[in-house]
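The values are calculated or read from the model by the stated rules, or taken from the named source; none is laboratory data. As the structure is a prediction and not an experimental result, all values here were calculated from the model. As a convention, Cβ positions derive from the backbone with ideal geometry for all residues, glycine included, and neighbour counts pool all protein chains shown. Ligands, DNA and RNA are excluded from the accessible area calculation, which covers all protein heavy atoms including side chains. Shrake-Rupley method; radii C 1.70, N 1.55, O 1.52, S 1.80 Å.
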Amino acid sequence: MVGYWSKPNSDELNKEIHQVQQVLWVGIGCKRGTSWQLIDQAIEQVFRENQLFQSAIAGIATIDTKASEFGLAKLCHLRNLPLKTFSAEILRCVCVPNPATITDHKVGTPSVAEAAAILAASQLTSLTVYPFTNIEELQVKFLVPKQIFQLQGQPGALTLAVAQASNISITELH
């Protein structure tokens, strides 16, 4: 009996290459009234520039006071993504690379985007391990430090950061 291997067609290869695990958490801090379009554009730009698959996004994370923010809620609905929120008290326990004094004064934590992305990616269910001294303790790969976005003609402004829940590589193949 002779066996043979058939070469998969290009459609089959593309499906295999683009099937990625949803392991990325996008942390977002935003001003009240930030449009979902601005958030969407910021995510697209960051993922394009960092060669990340948007299909690898597991969800959006932010501070609990933004849970009902229209732009965030609408974006999550449109992309069918969960919105995970954390209190300022929890967020402030995360050691981040780019803390901001102004954010601390306004919302009670020096970081929203970075800290929320890190916590969401860590997938912790218990608050007994707080406070954290470093990201390595959480077994999270911090991929994109916070970036600030504001576009002329779009309401609001936001910071965005990305953290990965595991050591799986999700960068695009060229």
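Here are some notes:
- Where residue 78 falls short, out of the listed (1) of a type outside the set (Ser, Thr, Tyr); (2) open to solvent by 40 Å² or more (accessible area, probe 1.4 Å); (3) in a loop (DSSP other than H, G, I, E, B); (4) modelled with pLDDT of 95 or more: (3)
- Selection of segment 131-154 for residues being at pLDDT below 80 and closer than 10 Å to residue 34 by Cβ yields only 154.
- In segment 155-164, residue modelled with the lowest pLDDT [restricted to those that are within 13 Å of residue 34 (Cα to Cα) and in contact with a strand residue (DSSP E or B) (Cβ under 9 Å, 6 or more places away or on another chain)]: 156
- Subset of segment 58-101 (residues that are more than 18 Å from residue 33 (Cβ to Cβ) and of a type in the set (A, V, I, L, M, F, W, C)): 58, 61, 81, 86, 88, 90, 91, 93, 94, 95, 96, 100
- Count of segment 38-53 residues which are open to solvent by 70 Å² or more (accessible area, probe 1.4 Å) and not acidic (Asp, Glu): 3
- Some residue of segment 99-110 being within 25 Å of residue 22 (Cα to Cα) and either of a type outside the set (Asp, Glu) or modelled with pLDDT under 95 (or both): no
- The set of residues in segment 28-54 being of a type in the set (S, T, N, Q) and touching a residue at least 60 places away in the same chain (Cβ under 8 Å) consists of 34, 35, 37, 41, 45, 50, 51.
- Long-range neighbours under 8 Å by Cβ, at least six apart or interchain, first residue more than 16 Å from residue 163 (Cα to Cα) within segment 55-74, second part of a helix (DSSP H, G or I) and β-branched (Val, Ile, Thr): 65/107; 71/39; 72/39
- Hits in segment 56-96 (condition: small (Gly, Ala, Ser) and farther than 18 Å from residue 118 by Cα): 68, 71, 73
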